[in-house]
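Worksheet: one structure, shown below.
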Amino acid sequence: MIYTSTDQLTTLLEEAIQKLPPTGLWNRLTTVPQAYKKRGVQAVLTGEVLIAGETTVNIHIGFQASFPLNLPFIFLNPAKTLGRIPHLENDGYICYIKGDGQFINYQDPIAVIEAALERAIDTLEKGYRKSNVVDFTNGFAEYWGRLEKVIELRSVIEVGDEAKEIAYAIVPPSDKKAFCYVADDEASLRQFIPQVRKQSFTIQKALYIPLKEGTQLIPPWFDDCWTLSQIIEAFEQYTTQDTQQFVKKSVRKFKSAELVIFALPRPKGGYALFGLRFTGIQNAYPLTSGSTVKQIIPVDIERLDRAYLTPRSGGLSSLNGKHVALIGCGSVGSYIGLELARAGIGKFTLIDADVLTYENVYRHAVGQYAVGLFKVDALKNDIEKRIPYVDVQAIPKRIETLLTTQKFDPSHYDAIVMATGEPTINLYMNEWLFHQKSSVPVLYTWLEPYGIGGHCLAHIEPSEPGCLQCLYQVTDDGNIENRASFAAPGQSFLKDIAGCGSLFTPFGSLDVARTAEITSRLLIHSLQGQSVNLLVSWKGDSHTFLSAGYQLTNRYSLEESALDEQKNQFHRDNCPICGQNHE
């Protein structure tokens with residue numbers, strides 16, 4: 001039952017008063033504190049509990065109307081009762097559990113309250129005994145960001161264990177809000193924000209200072225900040241001699257306002273970044289003795305550097321330095337480009353001579369706002385707007401033009417994706433690369449009409465048998481057959497709506513996305529060391545295809561498991577391309 005009405009919630013609270021330990025010592029607050037209302041709390045129980053067998057504290061249990069579909073809020077009142085302890089927020093809320101994905105037995109609300117109270121008390125006891133002080137360091141950036149007078153700043157600094165000068169800038173707004181950034185230099189800042197690459201803004205100097213491994217810091221209370229003497233003491237205690245010498249050399253000249261970014265090593269790995277902005281500086285730089293300042297402002301750092309963002313976005317840091325040539329930026333190619341960029345690929349060369357039209361937008365990754373642009377330019381813009389740290393070169397030409405003018409060098413790339421959907425071009429590319437003795441992994445991907453399936457042939461290891469040409473053979477009736485195909489040879493699937501200029505092959509966006517996913521995964525595996533040539537196929541519904549009067553191949557009748565078993569058995573010993581190398 002969900003307690004959405006006042007009467008239902010009141011009944012629940014009366015039952016909880018009688019059953020929660022210690023029995024009979026709980027009461028309902030007549031007025032919900034304003035700070036609790038900000039969390040959606042509509043009713044509060046108050047009572048006293050014993051912590052660590054030594055001290056009694058006052059606890060508030062807050063309930064939203066949707067309880068028991070969510071956990072109750074449990075507060076320590078007042079928040080500073082036990083001193084500065086981890087997992088306690090400024091309104092006294094005790095972070096006793098992460099709610100994401102947490103199963104709650106909403107059929108037994110009293111048990112839910114009891115379990116929550118037990119965990120909250122355990123959290124307080126660990127803080128009281130100081131057995132979880134290390135949690136302050138692991139979560140330092142989060143505590144720092146909740147300080148009352150904190151200001152926000154975005155960082156694209158390459159985080160490491162060496163002190164350095166960094167660039168600080170207020171970037172002109174792209175909409176209505178300007179943002180403050182710090183970066184290693186102006187060039188890296190402009191790389192992160194493509195839309196301001198040609199804008200001008202003022203760059204100021206700031207310092208990046210790493211603290212020593214093993215440093216444990218306790219953040220100030222939420223309504224406070226460290227004093228200058230405390231900051232200087234911490235700087236001298238928790239930085240290396242090299243860092244201190246670097247600072248002395250760097251701050252011989254200083255301004256009336258200075259910014260310092262600190263990097264605190266976390267026991268769990270990585271760094272917590274936090275900042276301090278000093279204003280009204282006199283006599284000496286704020287980290288050195290003899291300095292006076294008018295104001296110390298805590299700075300909350302939003303980390304946007306590549307090393308921080310990539311793994312948290314599902315990407316792989318190992319792919320950041322990889323360069324992929326994507327040939328064909330139509331429906332399948334556009335989805336592949338975006339997925340590979342999201343996976344962490346750091347550099348692309350896009351090759352396609354076509355222009356994006358309105359007929360493309362329902363199954364192309366880039367929307368109608370880019371109609372009229374070359375597909376490569378549309379995809380380049382879309383990738384750079386969506387994903388930081390990606391270097392994209394757009395070449396609005398056909399691949400065969402680049403080949404005949406000797407302007408395509410496969411050795412420049414870590415992988416090549418052929419997503420043209422043109423079998424002739426794909427076969428020519430397969431042969432051309434063979435004669436070039438290229439060792440670069442190449443993936444050929446294509447869709448079948450009406451969503452009956454899609455394929456990706458991953459030619460990862462040139463020294464092993466199995467290339468695109470292996471799939472093609474001439475049938476008894478003179479047709480050229482692709483042995484991977486689900487559609488029988490000798491059929492035409494091109495449709496037109498308004499004449500020859502509107503010819504297209506019917507398939508949908510979901511078919512595109514599925515084929516792009518298979519191709520993207522195979523490419524990522526190849527860049528991570530997979531060295532087996534594979535043919536991977538997926539099979540869709542054939543009802544529309546058959547209703548249109550078309551015929552399937554025997555391969556379509558195979559179960560998915562059989563298709564999977566055959567994925568590395570597609571080569572032909574008599575293949576005119578790779579077979580000659582394996583006689």
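The values are calculated or read from the model by the stated rules, or taken from the named source; none is laboratory data. None of the values given here were measured: they were computed from a predicted structure. No Cβ is skipped: glycine too gets one built from the backbone with ideal geometry, and neighbour counts run over all protein chains shown.
Suppose we filter region 37-72 for residues that are over 27 Å from Ser131 (Cβ atoms) and assigned to a loop (DSSP other than H, G, I, E, B); how many remain?
Counting residues in region 37-72 that are over 27 Å from Ser131 (Cβ atoms) and assigned to a loop (DSSP other than H, G, I, E, B) gives 12.
Can you tell me which residue is nearest to Ile460 (Cα to Cα) among those in region 556-570 that are outside any loop (DSSP other than H, G, I, E, B) and either polar (S, T, N, Q) or in contact with a strand residue (DSSP E or B) (Cβ under 6 Å, 6 or more places away or on another chain) (or both)?
Within region 556-570, the subset outside any loop (DSSP other than H, G, I, E, B) is 556-557, 560-565.
Keeping just the survivors that are either polar (S, T, N, Q) or in contact with a strand residue (DSSP E or B) (Cβ under 6 Å, 6 or more places away or on another chain) (or both) gives 557, 561, 563.
Values: Ser557: 28, Ser561: 23, Leu563: 19 Å.
By that ranking, first place goes to Leu563.
Among all residue pairs at least 6 apart or on different chains, which show Cβ distances below 8 Å where the first residue, located in region 351-363, is without any contact (Cβ under 8 Å) to a residue 24 or more places away in the chain and within 20 Å of Ile425 (Cα to Cα) and the second is surrounded by fewer than 20 Cβ atoms within 10 Å (Cβ to Cβ) and not hydroxyl-bearing (Ser, Thr, Tyr)?
Note: pairs meeting the criteria are Val355/Gly372; Val355/Leu373.
Can you give me the ranges of the strands (runs of 3 or more DSSP E) entirely in region 111-186 with at least 1 residues that are buried (at least 17 other Cβ atoms within 10 Å of the Cβ) and among the β-branched types (Val, Ile, Thr)? It would help to see each step written out before you state the result.
Details: elements: 151-155, 164-171, 179-183.
Where strands (runs of 3 or more DSSP E) fall fully within region 111-186 and carry at least 1 residues being buried (at least 17 other Cβ atoms within 10 Å of the Cβ) and among the β-branched types (Val, Ile, Thr), they are 164-171, 179-183.
Just the residues that are touching a Phe, Trp or Tyr at 6+ places or on another chain (Cβ under 8 Å) and without any contact (Cβ under 8 Å) to a residue 24 or more places away in the chain, please, taken from region 216-254.
The answer is Ala234, Gln244.
Out of region 271-314, which residues are under 29 Å from the mean Cα position of the chain (by Cα), in a strand (DSSP E or B) and surrounded by fewer than 19 Cβ atoms within 10 Å (Cβ to Cβ)?
Taking region 271-314 as the starting set, the residues that turn out to be under 29 Å from the mean Cα position of the chain (by Cα) are 271-276, 298-314.
Still in the running and in a strand (DSSP E or B): 271-276, 298-303.
Within region 271-314, Asp300, Glu302, Arg303 meet the criteria.
Of all residues in region 62-78, which are farther than 14 Å from Leu45 by Cα and at pLDDT 95 or above?
Result: Pro78, single match.
Which condition number does Pro265 fail, the rest of (1) crowded, with 16+ Cβ neighbours inside 10 Å; (2) within 30 Å of Asp377 (Cβ to Cβ) being met?
(2)
Considering each of Gln204, Gln195, Gln199 in turn, give the residue that is in contact with a Phe, Trp or Tyr (Cβ under 8 Å, 6 or more places away or on another chain) and either polar (S, T, N, Q) or modelled with pLDDT of 95 or more (or both).
Working: Gln195 fails: in contact with a Phe, Trp or Tyr (Cβ under 8 Å, 6 or more places away or on another chain); Gln199 fails: in contact with a Phe, Trp or Tyr (Cβ under 8 Å, 6 or more places away or on another chain).
Result of the check over Gln204, Gln195, Gln199: Gln204.
Is it the case, given these coordinates, that Tyr550 is within 38 Å of the chain's Cα centre (by Cα) and at pLDDT 90 or above?
For Tyr550, the condition - within 38 Å of the chain's Cα centre (by Cα) and at pLDDT 90 or above - is not met.
Among the residues of region 533-555, how many are over 12 Å from Ala484 (Cα atoms), assigned to a helix (DSSP H, G or I) and of a type outside the set (A, V, I, L, M)?
The qualifying residues number 4.
Please indicate, with yes or no, whether at least one residue in region 417-438 is of a type in the set (Val, Ile, Thr), assigned by TED's automatic domain parsing to the domain that holds Pro576, surrounded by 17 or more Cβ atoms within 10 Å (Cβ to Cβ) and out of contact with any Gly (no Cβ under 9 Å at 6 or more places or on another chain). Full working, then the answer.
So in region 417-438, the residues of a type in the set (Val, Ile, Thr) come out as 417, 420, 424-425.
Add one more test, that the residue is assigned by TED's automatic domain parsing to the domain that holds Pro576, and what stays is 417, 420, 424-425.
Next cut, surrounded by 17 or more Cβ atoms within 10 Å (Cβ to Cβ) only: 417, 420, 425.
Checking which are out of contact with any Gly (no Cβ under 9 Å at 6 or more places or on another chain) leaves us with none.
The answer is no; no qualifying residue exists.
Among the numbered conditions (1) small (Gly, Ala, Ser); (2) modelled with pLDDT of 95 or more; (3) touching a Gly at 6+ places or on another chain (Cβ under 7 Å), tell me where Ser256 comes up short.
Against the list (1) small (Gly, Ala, Ser); (2) modelled with pLDDT of 95 or more; (3) touching a Gly at 6+ places or on another chain (Cβ under 7 Å), Ser256 comes up short only on (2).
Restricting attention to region 464-475, which residues are in a strand (DSSP E or B) and closer than 17 Å to Cys578 by Cα? Can you show your working first?
Step one: filter region 464-475 for residues in a strand (DSSP E or B), giving 472-474.
Matches in region 464-475: Tyr472, Gln473.
Give region 54-69 a look and list any residue that's buried (at least 16 other Cβ atoms within 10 Å of the Cβ) and either touching a Phe, Trp or Tyr at 6+ places or on another chain (Cβ under 8 Å) or without any contact (Cβ under 8 Å) to a residue 40 or more places away in the chain (or both), or say none. Break it down into steps so the answer makes sense when it comes.
Going residue by residue through region 54-69, those that are buried (at least 16 other Cβ atoms within 10 Å of the Cβ) are 57, 59-65, 67-68.
The answer is Ile59, His60, Ile61, Gly62, Phe63, Gln64, Ala65, Phe67, Pro68.
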